[in-house]
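Working notes for the structure below.
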């Protein structure tokens, strides 16, 4: 509406100015009058110059007022309507420093101050300036009173927001006429044109975890920005929580439904290895011996706060499992249930300990033992509990910043929760890389999820190390570099170190009797893209099968 009104007033002023200049030319018969006439004609014909017509009309107003004696009367209609075409139709300045007069009025007053210098040539210049100033003052006061009818209410869409998502406040506006609403909050500034009733979503900052207190200052302007009125100051308070907390709330809800499974004797097998060792072996440190070694490691490297906290919580959980099992140094290594019922041909994915070696030798092919299910396990697995496939989930907790670590833990727990929801008793091998420590957990998804829940509930989100990838290389490029004997010098050390890391990690996985072909998936920070592209390649070379959607598989029970 404002743009349309301004255009109408602008073209009426343009026509009036042309008519006035033509009249002056007729009366005075002066060549000087032709100059503003030609200028107006040229600017109206060239599309790119039409936006400058208000300034030409403004200059012509002063020319008309001094050209002839009656010019002062001819210029009065122009001087009254002039503020409506040369003012701003938006704001740039900080309106919080303004009172009553809006940005458009202040800008025109600046023009008048400069133009008043022409009074040194002819004092009659001040007459149209006075008329224009009076127009602005009267309209600004009228609009200021009218703006008192603007009503604003602010409410939060949600008082709890997940980190990484957007926070919104709902702005309810009620005004009987068209008004411009301007919001200030922090360093942000938004403007809206509203008439009657409207609801506006205002995006708020959610750049850190914790309580946010935002002061929103609301100002209202008339349609020509002549008047500014302070509507109110509103304090908005909301809480930003990490993604980790959201997923842990969901996990906690599911775990309360399977208390019968969690009350059973633990069947988790675990081992701990250190990647910095020359020959890492998963069977090298188990049970209380492994826990003791890691606790000493934590004490040595206590300055790595989050590394120490998460390892310490993991060790406490594993120590509790060891005590419940009641066997020094080893967890229960159960891969079968019930009585021996016969044998069947070996299929990829069967445990090596299930192989019936005597029959395999006599038949010339691998044969595995079959066992019946106990009553407890039949109730857990269901009468038709099939073998399925036992997947590997490999998670590295490196992250370059807190927010990426939060997303990483969320993705990891979300994936594990999907596997758990398909079957709480499904068997999974989980490999956690924390610094240079590798913790391997093997057991029911429900039990492992429960231990992860206990660990992450007690550990705050903090970054491990500030590591950033030098360059993101495509998988094909990495494989090509690994196969190339003459590696580029700048990448040689980087590739060799990451290849060594991948080889050591693969030894640990195979040392846990996790024999290919098995499906696997990787969860890691994008900053470790090069490292885990190499890990993926080497695991695939050994016969492991990479899958993105591993949770949709028929996992082993």
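The values are calculated or read from the model by the stated rules, or taken from the named source; none is laboratory data. Computed from a predicted structure; not experimentally measured. No Cβ is skipped: glycine too gets one built from the backbone with ideal geometry, and neighbour counts run over all protein chains shown.
At-a-glance table
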quantity	calculated
Only listed residue being assigned by TED's automatic domain parsing to the domain that holds residue 160 and without any contact (Cβ under 8 Å) to a residue 24 or more places away in the chain, chosen from 233, 229	233
Test: residue in region 65-76 that is closer than 26 Å to residue 144 by Cβ and either modelled with pLDDT under 85 or over 40 Å from the mean Cα position of the chain (by Cα) (or both)	yes
Number of the exception - residue 33 against (1) crowded, with 17+ Cβ neighbours inside 10 Å; (2) within 59 Å of the chain's Cα centre (by Cα)	(2)
Wholly within region 199-311, strands (runs of 3 or more DSSP E) carrying at least 2 residues that are under 30 Å from residue 186 (Cβ atoms), within 33 Å of the chain's Cα centre (by Cα) and at pLDDT 70 or above	210-221, 227-241
Flag for residue 80 being assigned by TED's automatic domain parsing to the domain that holds residue 11 and at pLDDT 85 or above	yes
Count - residues of region 388-407 that are farther than 20 Å from residue 505 by Cα, outside any strand (DSSP E or B) and touching a strand residue (DSSP E or B) at 6+ places or on another chain (Cβ under 7 Å)	3
Subset of region 169-191 (residues that are farther than 13 Å from residue 152 by Cα, touching a residue at least 12 places away in the same chain (Cβ under 8 Å) and either more than 27 Å from the chain's Cα centre (by Cα) or assigned to a strand (DSSP E or B) (or both))	177, 178, 184, 185, 188, 190, 191
Residue count for region 182-196, restricted to those that are in contact with a helix residue (DSSP H, G or I) (Cβ under 7 Å, 6 or more places away or on another chain) and at pLDDT below 85	0
